[in-house]
Amino acid sequence: MKTADSILRFLPGLLLACVIAAPSWYLGTLVPVVGAPVFAILAGMMLGVCIKNKEHIKDGITFTSKKILQYAVVLLGFGLNLSVVLQTGAQSLPVIAATITAALVIAFALYRALKIPAKTAALVGVGSSICGGSAIAAAAPVIGADDEEIAQAISVIFLFNVAAALLFPTLGDSVFRMTDEGFALFAGTAVNDTSSVTAAAAAWDGMHGGNTLEGATVVKLTRTLAIIPITLCLAFIRARRTRKTGGAGGVQFSAAKIFPMFILYFVLASVITTIAESAGVSADVFSPLKTLSKFFIVMAMAAIGVNTNIVMLVKKGGKPLLLGFCCWAGITAVSLVMQHLLGLW
């Protein structure tokens, strides 16, 4: 009986998130440079303004924005064959490490200098440096970010994703005279979100008749692995701070409650994929799980949009936007410098 009551309690919010996510998913396929998560969060915000009483959807929306988001990260692991990613993407590791370090250092410096809220700065820094929405989805539960902080970070990342996808193919061609290999590395390390990496690489291939799409995607997947150490570091930092304060509101500190178990499940999913594909199982077997992961992220973004106060989001947007720009510019510059040092252009 309790199970049935719980399902009924969550159902309205879950259904609303699905209703928003389905057309957003379709729009994302039509306009990949924007992506379904952004459409979902915008639609959720607009719908949230129209819903005066959210009490009946509150539990389901909260469950979607928190738990479904974690399930999405776990399923993301089924898109990672660790042996292929590490073997093919190993040559890009110096550039990836340099760009991630640059973005995180910039985020920390501006957080201190501009007094940007710590969780917003962390999400923008992690989203810029690793893989946009997926990294934000992984980091948000670890640091205890609320829906408005997640929405703020996603909005900032989206803006510079679009700018990168539109500008980088022309920049790489007319200014830096990149090779196909160089642009694949540039797109994979300097563009935030996977959909925008794909859009930028596809635009380059259309201009040059090349085949950078596969290379850029592999670099991006290699970069995605940074989710693991970064989220564990964030969990450690939060645990340390909580231990010092003795827990919020005097509650006894528990490392187990703070430790991101879903990241371990993400690693386990990646290991299962790696072992299965090494044994001859087709990668297509895992495609439905990868697709479900993406749809779960879209659902979670829809729920976050419904819970977000769009007026407050706009009012607080100046400093996070500046932070996002500085991270984006820093990543771009470091990627170009590293490639120049490695003789790629």
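One table, with the values for the structure above:
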quantity	calculated
Between segment 115-158 and segment 61-77, the alpha-carbon center distance in angstrom	15 Å
Extension reserve of the GLU181-VAL314 stretch, reckoned as 0.36 nm per residue once the Cα distance is removed	43.9 nm
Distance in nm between pseudo-label sites at VAL271 and ASP146 (7 Å out along the Cβ direction from Cα)	3.8 nm
Extension gain, ALA163 back to LEU232 (0.36 nm per residue minus Cα-Cα distance, nm)	21.8 nm
Unit charges at the beta carbon, dipole of segment 1-118: most positive-side option, ILE20, LEU104, ILE57	ILE57
Extension reserve of the LEU11-THR62 stretch, reckoned as 0.36 nm per residue once the Cα distance is removed	17.2 nm
On Cα atoms only, tilt of 227-245 relative to the major axis of the chain in degrees	40 degrees
Exposure proxy order (Cβ contacts within 10 Å, fewest to most) of GLU277, GLU214	GLU214, GLU277
Cα long-axis angle, helix 180-190 against the chain (0 to 90 degrees, to the nearest 10)	30 degrees
Residue order, fewest to most beta carbons within 10 Å, for LEU80, LEU14	LEU14, LEU80
By average C-beta atoms within 10 angstrom, highest first, the peptides 130-136, 286-292, 16-22, 176-182	130-136, 16-22, 176-182, 286-292
Computed [θ] at 222 nm, helices only, for the chain once each DSSP H run of length n ≥ 4 contributes -39500 (n - 2.57)	-25000 deg cm²/dmol
Degrees between helix 147-170 axis and first principal axis of the chain (Cα, 0 to 90, nearest 10)	20 degrees
Modelled FRET efficiency - R0 22 Å, CYS18 with ASP284, Cβ distances, 0.05 increments	0.30
Backbone HN-Hα couplings from phi across segment 100-110 [Karplus 6.51/-1.76/1.60, Hz, Gly and Pro as x]	5, 4, 4, 5, 5, 5, 4, 4, 5, 5, 6
Candidate values (i) 77, 45, 39; (ii) 62, 50, 39; (iii) 65, 43, 38, label of the one derived for Cα extents along the principal axes in Å	(ii)
Electrostatic dipole magnitude of segment 95-239 [Cβ: Lys, Arg +1; Asp, Glu -1; Cα centre; debye, to 20]	480 debye
Segment 1-149 - charge dipole about Cα centre, Lys and Arg +1 at Cβ, Asp and Glu -1, debye rounded to 20	160 debye
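Where a number appears in this text, it was derived from the coordinates with a stated rule and is not lab data. Predicted model, so just to flag it, every value in this text is computed and none were measured. For neighbour counting, all protein chains shown are included, and Cβ atoms are generated from backbone atoms with ideal geometry for every residue, glycine included.
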